[in-house]
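Here the structure is laid out as structure tokens; the discussion comes afterwards.
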Amino acid sequence: MGGIGNATATVTIRVKRFAPRPERPNRSAVTALRKPASPFGSTRKRPRGKQWSQEYTLRVHPHDTVLDCLLIIKRTLDPTLAFRYSCGHGMCGSDAVAVNGTPTLLCTARISDYAKQLPQNTQNEGFRRTATVNRSAAATRGFAASGGNVTETNTTETTEDTDANSVSATDANATVVAAEGTVAPTPLAPDLGIIELAPLPGFPVQRDLIADIDPILDQIKRLQPYLQADGKLATTREGKVDVFEYLQKPEQLAKYELLSNCIACGVCEGSCPVFAGGEAFIGPAALVMASRFLNDSRDDAAQQRLDAIDTADGIAACQSVRACGRQCPRGIDVGEEMWQLTTAVRER
Ligand code: SF4
Ligand code: FES
């Protein structure tokens, strides 16, 4: 991580934040009697709470990732900011968010690729921004090694009786400057612009940038993502078990190897205009898992797998928009896989 140690520029991170309101205990009986939000029967609760936008300006190196920025913010500016990550290098899939509206992983999104200059007349719209705090001034204000500032605005709160998708503004454009420092713009630190972060689209938000990704995992589980082989193991000429492995030729492995790299990050689902939480469409991530086993020469459950995806919310719900494959961090052509599954279901 580059961080501020070799910082050469400033960037502003604008985060769409959300703080859930605790459930009222005595409303559980009423909630249980409510109709499910989806015609497909989902009873998943949509959280209610306070929403607002918050800006953090910090010194960075352009090659840092957006995750580096969030870690700096979390450790030195605002410990209340919530986001999820684990491996830090594109392997675990836990940190998918919308960066400038595009679903991607925090740990692979470089500042230089995403920072954008806003048009002059929209730069300060609805926001009160302070100039970058220099590091010595920050230290005297308890921001040791921070080199940044925080601006909060556009506070809104969901109401108890509205649908989760609709919010009513109670404090629109409320502006709170959490840290104002001595204005000391450094001529050697060019402003890279702004990066906007929001939780992964299509999923219920739990807090700030943390979305509830259980729908992905539930849908993947539904398609039984494990090898279902008939138990025939390699044998010797005498009929004895030779190795306790299901052997495969390299060309058979090549048919599904790339698909087995899926990390269930949900980027494809966040990009899909049909997915929207998996209620009407099982989603591309689950279907990629199904395709992985359909292409595995050792698997004997092809018919059951095709039956499982040949449903109204299965492959039939795919509209072939092909937005799903544009940002896959593992290089899977998800749209092409959806098309291959559509063909396989039609032709059987
Ligand atoms: S197919 Fe790609 S984008 Fe979709 S869940 Fe798997 S790794 Fe993520
Ligand atoms: S933190 Fe693991 S993929 Fe980004």
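A few comments on the model shown:
- Any hit, region 265-272, residues being modelled with pLDDT of 90 or more and surrounded by fewer than 18 Cβ atoms within 10 Å (Cβ to Cβ): no
- Residue 240 being away from ligand 1 (no atom under 16 Å from the Cβ) and without any contact (Cβ under 8 Å) to a residue 12 or more places away in the chain: yes
- The test for being at pLDDT 95 or above, surrounded by fewer than 15 Cβ atoms within 10 Å (Cβ to Cβ), within 16 Å of ligand 1 (Cβ to nearest atom) and part of a loop (DSSP other than H, G, I, E, B) does not hold for residue 107.
- Residue match in region 303-310 (condition: touching a Gly at 6+ places or on another chain (Cβ under 6 Å), surrounded by fewer than 24 Cβ atoms within 10 Å (Cβ to Cβ) and modelled with pLDDT of 95 or more): no
The values are calculated or read from the model by the stated rules, or taken from the named source; none is laboratory data. What you see is a predicted model; the values in this text were computed from it and never measured. All Cβ positions, even for glycine, are placed from backbone atoms using ideal geometry, and neighbour counts span all protein chains on display.
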